[in-house]
1. Which distance in nm do the two modelled labels at Lys48 and Lys193 give, with both placed 7 Å along the Cα-to-Cβ direction?
2. Modelling each spin label as a point 7 Å along the Cα-to-Cβ direction, I'd like the Ala93/Tyr200 distance in nm, to one decimal.
3. What FRET efficiency comes out for Arg80 versus Arg7 if R0 is 51 angstrom and r is the Cβ-Cβ distance? Round to the nearest 0.05.
4. Contour minus end-to-end for Leu108 and Arg130, with contour as 0.36 nm per residue of separation and end-to-end as the Cα-Cα distance?
5. Check which residues have an amide H placed less than 5 Å from Val87's amide H, if you skip close sequence neighbours.
6. In whole Hz, with x marking every Gly and Pro, tabulate ³J(HN,Hα) for the stretch 131-137 from phi via Karplus 6.51 cos²θ - 1.76 cosθ + 1.60, θ = phi - 60°.
7. Note down the magnitude of the dipole of the stretch 40-101 about its Cα centre, charges +1 on Lys and Arg C-beta and -1 on Asp and Glu C-beta and zero elsewhere, to the nearest 20 debye.
8. What spacing in nm lies between the two simple spin-label points modelled at Ala14 and Ile64, each 7 Å away from Cα in the Cβ direction?
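Derivation of every value follows stated rules applied to the coordinates shown; laboratory data play no part. Just so you know, these numbers come straight off a predicted model, no measurement behind them. Positions of Cβ are backbone-derived with ideal geometry, glycine not excepted, and every protein chain shown enters the neighbour counts.
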Amino acid sequence: MNARQRRGVLFLLAAAGLAVAVFIAVSNYVSQVESQVGPKVTVYQVSKPVDAYLPLGASNVEAIEVPRRWASPTAVTSLRELEGRRVGFQLAAGTVVTSDMLIPSTDLSPTEREIAVNVDSVTGVAGRVRPGDRVDIVAVFADVPGLPKQARVLVRDVRIVSIGGQQAVTVDTEEKIGDTRDVVPVTLALEPKDALSVTYAAAFAQEVRLVALPGDVGANRSEEVDEFDASDLGGKAVREEAR
């Protein structure tokens, strides 16, 4: 083998080594990219703004693919999980829906009904109640003609089903028209007759309060007072028209 042939062989060996090096570099790069991106998974995002408590479905959510490693562990990956479900706050377009956003499915007994009442930081026990907690519902009636002003326990030992996000509602008062206040919708599980009384109180009572209960709600509460008015302070109830 002469010198020219030896140089040719060396060039071939160098080209082969360079090709192997390029292959290894490309393989490493692809492997690195795959480790960062990895397989993709289908999640669902809101395709247009959705107001609180509107049902989700094919009309307002859309499927997108994202790398599995970047998807939230609670991201919803099936449209069936979303159909008809609701969230307790407004969602902006492009928001990826996760299971912890969804209002829990109902677990009512055959005799229970769901009803939502608006509470604020005072009437709602300052946010200290959670779904599954038990509360008493107390109404303050102050503007019922012919009846003494009183506070009355409407229902005892009521289970909280869910608590929505904060919303601003318009409240018309004698002092100001179109005033707004921040409220939180609380959904309660009630027997039908109790649901009717709470609905009436929510519409006509001056105030509806939640009263948080201790853990031993099964204790004897027969000695507790159910209603209170001015006569309990030693005064005398006077009909409004008699003033």
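1. 4.6 nm
2. Going by the 7 Å Cα→Cβ label model, 4.7 nm.
3. Values: r = 69 Å, r/R0 = 1.36.
Efficiency, rounded to the nearest 0.05: 0.15.
4. Gain in length upon complete extension: 6.2 nm.
5. Tyr53, Leu54, Ile103
6. Values per residue, Gly and Pro as x: x, x, 6, 10, 9, 9, 10 Hz.
7. Working: 7 positive and 6 negative charges, 32 e Å.
Around 160 debye, computed over the stretch 40-101.
8. According to this spin-label approximation, the distance is 5.1 nm.
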